[in-house]
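The values are calculated or read from the model by the stated rules, or taken from the named source; none is laboratory data. These numbers were taken from a predicted model, which means no experiment stands behind them. All Cβ positions, glycine included, derive from the backbone under ideal geometry; neighbour counts span all protein chains shown. In case anyone asks, the SASA skips ligands and DNA or RNA and just uses the protein heavy atoms, side chains included. Shrake-Rupley method; radii C 1.70, N 1.55, O 1.52, S 1.80 Å.
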Amino acid sequence: MPNLIGKPIPLIDALKKTTGEGIYTDDIKLPGMLIGKILRSPYQHARIKSIDTRKAEALPGVHATVIGKEAPNTFGVLPISQDETALAVDKVIFIGDNVAGVAADSEEIALEALRLIEVEYEALPVYRKFEDSVKPASAPIHPETVNGTNIHKEVDQNFGEVDSARAQSAYVREGEYDFIGVTHGFTEPHCVIAHYDADNRMTLWSAQQVPHYLHRALARVLDMPMHRIRVIRPMVGGAFGGKSDPFPHEMVAALLSRKCRRPVKILFDREEVFLSNHGRHPTHTQIAMGMNEQGKLTFLDLKAQIDGGAWGSFGVVTTYYNGVLSMGPYALQNFRYRGQRAYTNKAPCGAMRGHGAVNSRFAMETIIDELCEAAKLDPCDVRLNNLLPSNCITANGFRITSNGTRECIERSRKASEWDKKFRKLPLGRGLGVACGFYISGSAHRIHFNDLPQSTVHLKIDMDGGITVHCMAAEIGQGSDTMLAQCVAEPLGVKLDRLRIFSSDSDADPIDLGSYSSRVTFMAGNAAREAALKIREKLVNAAQTLTGYPAEGFILENEEIIYTRNPRVRVTFMQALEKALANNGALIAKGKYMGPPPIGAKFKGARAGLSPTYSFQCYIAEVSVDTETFEPRVEKVWAAHDCGKALNPLAVAGQIEGCIHMGLGQALMEEMTYNRGNILSANFLDYRTLTPMQMPEVDVIIVESDDPEGPWGAKEAGEGPLLPILPAVANAIYDAVGVRMRSLPMTADKIWKAVSEKEKRHMRSRVRAATF
């Protein structure tokens, strides 16, 4: 009988967050702490001829300054793309680039010190757009690019016979799509505190998704061994991928602290958060797909032109993901993808929820609807007719294990009354469907080594409390609660026995971090393995106490019970006391290394490989005001295959959060520039979805029971974002008859599309009347 798995459980840190007891980085006050500030570039691309910090250093209350030449070592989240520095060394490459840092007694003094720093610049050619950056460059943004251009990464993949399949297709549709950049919009701004202490150790507190990668980057930039550096992650007030890189401001705080041997805090204002960005890439996507007379998809031909901004970040992975994460949930034997990511002189792009898959998924799912319209076939039927089966291999070598897409489509179709409503609603009201497919962590490590991807340590002593140590980063998604459940379930204990420690590199074993929807699958498996080792010790103690064989015991409700004679039982504490006797604290370790060997051998084959994948189907009902053309999403039926919902309450929360974020990109969010300046670098101008605009959501949890996930679980944190954008677009077509090829889908764009459609119809009627 399950103790906790599969039951709706409030997150274990919820009360601390809602009562104000939670400690975020900005809440931390250290004796003698200074305020750090960063001087930022006013130029998009310029050589630094000189920097003079003497006037700033002479200002009373200033304790340290630092410039780029003092820390020239490069870093980056990917070992293959180490192109960032703590501060600009020889040149600046976007408006807002870091030029110098100061540490002072107060924010006012630090800001005055920035004004006193004298910098002489020499302008360089500016590459604002992707189109500029693919041409040969007289002054490339970075030295290591493709053929003297600003192209950062190119991907060419071809599977099957795309051209032949296209020629034989009964229906072919193609389109071009434009996706403006969007950013994460997390509540807590970036904040870091660094303290180089009397023992010559560096301790750094930072709101981070990837403490381990930050640890590595600090060692590289500071030229210090990792064991002399300690990274602590306090509570994180939202991230969504926007805190999944090691950042320059973290390096600057550490450099300033080492220089003045005082704690230094750097807290961003909202404009600085926008300048740091690392949001979703602006992308121009070209797509063609075909279908035969029987409604089978015949090929996919995809091209993505990706604007990466100033730094590499996760960009190499992004370039692959824009293509390869289109290889599900449909069976496609003929697939071609060409992706290019280029550096531009704009704020850097990086990973954002649904990393690499969102824009291409929008193009693919809306083109499938166009094919259905051409063939006069139902979009749900066509999707059902083309699904990958469970336990198969895709054309590019992905191993599919569990797959609940069919159930997702069938249940959302029934709940939404699709068959009664589709193409039958009045003008201005429409229904749209779309599916999704996403990874549950990467099968391979960013750093090629044989270390575990996640490790969990458990300790139980005479007080009966269970301490769980793991560096999996709790960023609001509920990973601490998940770890507690995965340990408590095998031990049959209540959650209040569990104490989760997941924030300190000195005390907690390595987990690679909260990104790519990896934590439940990987850290969950590691926690379960460690708990089963402790369980064995407790069962052996029960055997000694009762004289009954160990294999007959179960653990539930804080007792260890012999199943063949339930009157034979001992309490958890009795078994623990016996296990501790002549032994001391019970200690166990669990780890997750990765899936069995999977994947093909071609270049780039590792990209997108995952131990398992999540699947979705959403149906959205949308209204479009026929006078103002303002779109509004009225209701969403959201079916998501998470393998097993360890905590249905948390899964539902993740699905609803993904829908909220996806609707923001679909309907209103846009990061606009004018000559390299971000025009919407605040929450007044950067519009996000309000609670009043959030639709009713019918969450449909599908459990396909993955054979390798902890209790069958897989991801639920990113994949649920993917289908909402194209589902809304397809519903807009059902409502007013126009296809949207540009995000966000605002009222003015819909009005323009409807107006152009009416003009085309008018011209057609005139021609018909003439002849």
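Summing +1 for each Lys or Arg and -1 for each Asp or Glu among the other residues whose beta-carbon sits under 10 angstrom from that of ARG230 gives -1. Between the labelled values (1) 32.3, 109; (2) 27.5, 102; (3) 26.6, 84, the entry that holds Rg and Dmax of the Cα atoms in Å as derived from this structure is (2). With the simple model of a label 7 Å out from the Cα in the direction of the Cβ, LYS7 to ALA585 spans 2.8 nm. The distance separating the Cα centre of segment 376-430 from that of segment 167-246 comes to 35 Å. Distant-in-sequence amide contacts of SER610, defined by a placed amide H-H separation under 5 Å and a gap of 5 or more residues or a different chain, comprise ARG399, ALA443.
Heavy-atom surface analysis with a 1.4 Å probe gives segment 600-676 a carbon and sulfur content of 46 percent of its accessible area.
Relative to the Cα centre, the charge distribution of segment 466-520, modelled as +1 at Lys and Arg Cβ and -1 at Asp and Glu Cβ, gives a dipole magnitude of about 200 debye. Expressed as a whole percent, the accessible area of segment 14-115 that falls on carbon and sulfur atoms is 56 (1.4 Å probe). In this simple spin-label model, placing a label point 7 Å from the Cα along the Cα-to-Cβ direction at both GLU176 and GLN294 gives a separation of 3.6 nm. Computed extension gain for ARG445 through LEU111, at 0.36 nm per residue and net of the alpha carbon distance, reaches 116.1 nm. Amide hydrogen proximity for ILE700: with H placed 1.01 Å from N in the peptide plane, the residues at 5 or more positions away or on another chain lying under 5 Å are ALA638, ALA639, HIS640.
The lysines whose alpha-carbon is closer than 17 Å to the alpha-carbon of LYS757, local same-chain residues fewer than 8 away aside, are LYS749. Each of ALA600, ASN540, ALA137 was placed along the dipole of the chain (beta-carbon charges, centred on the mean Cα), and the one lying farthest toward the positive end is ALA600.
Partner lysines whose Cα lies under 18 Å from the Cα of LYS346, excluding those fewer than 8 positions away in the same chain, are identified as LYS91, LYS129, LYS135, LYS153. When the Cα positions of PRO426, HIS444, ALA374 are compared along the charge dipole of segment 352-446, HIS444 comes out farthest toward the positive end, with charges on each C-beta of Lys, Arg, Asp and Glu. Charge dipole (Cα centre; +1 on Lys/Arg Cβ, -1 on Asp/Glu Cβ; no other charges) of segment 487-635 amounts to roughly 900 debye. Mean residue ellipticity, 222 nm, helices only, the chain: the sum of -39500 (n - 2.57) across DSSP H runs of n ≥ 4, divided by residue count and rounded to 500, is -9000 deg cm²/dmol.
Counting only protein heavy atoms and a probe of 1.4 Å, the accessible surface of segment 315-370 is 48% carbon and sulfur. Hydrophobic long helices, here whole DSSP H runs in the chain with Kyte-Doolittle means of at least -1.0 and Cα atoms spread over 27 Å or more along the helix axis, are found at 519-546, 648-667.
Over all other residues within a Cβ to Cβ distance under 15 Å of MET593, the charged ones net out to +1, with Lys and Arg as +1 and Asp and Glu as -1. Under 20 Å between alpha carbons, and skipping anything fewer than 8 positions from LYS578 in its own chain: which aspartates and glutamates qualify? Here the aspartates and glutamates satisfying the reach criterion relative to LYS578 are ASP461, ASP463, GLU536, GLU551, GLU556, GLU558, GLU559. Nearest 5 percent is fine: what portion of the DSSP beta bridges confined to the chain is antiparallel? Restricted to the chain, the bridges split so that about 75 percent are antiparallel. Restricting the GluC sites (Glu not before Pro) of segment 602-647 to loop positions (DSSP other than H, G, I, E, B) with no more than 16 neighbouring Cβ atoms within 10 Å leaves GLU627. Using R₀ = 35 Å, calculate the FRET efficiency as 1/(1 + (r/R₀)^6) where r is the Cβ-Cβ separation of ASP419 and LEU684; round to 0.05. Efficiency for this residue pair is about 0.20.
Separation of segment 439-465 and segment 98-148, taken as the distance between their Cα centroids, equals 39 angstrom. When ligands, DNA and RNA are left out and all protein chains stay put, how many square angstrom of accessible area per residue does the chain have with a 1.4 Å probe? I get 38 Å² per residue for the chain. For segment 450-534, the relative contact order is 42 percent, taking Cα pairs closer than 8 Å that sit 6 or more residues apart in sequence and dividing their mean separation by the residue count. Shape of segment 1-127 from its Cα gyration tensor (a ≥ b ≥ c, root eigenvalues): rounded if a/c is under 1.5, otherwise prolate when a/b > b/c, or oblate? Note, shape of segment 1-127 comes out oblate. Taking all Cα pairs closer than 8 Å and separated by 6 or more residues, the relative contact order of segment 112-207 comes to 12 percent. Contact order, relative form, for the chain: 15 percent (alpha carbon pairs under 8 Å, 6 or more residues apart, mean separation divided by residue count). Distance from the C-alpha centroid of segment 556-605 to that of segment 489-540: 10 Å, rounded to the whole angstrom.
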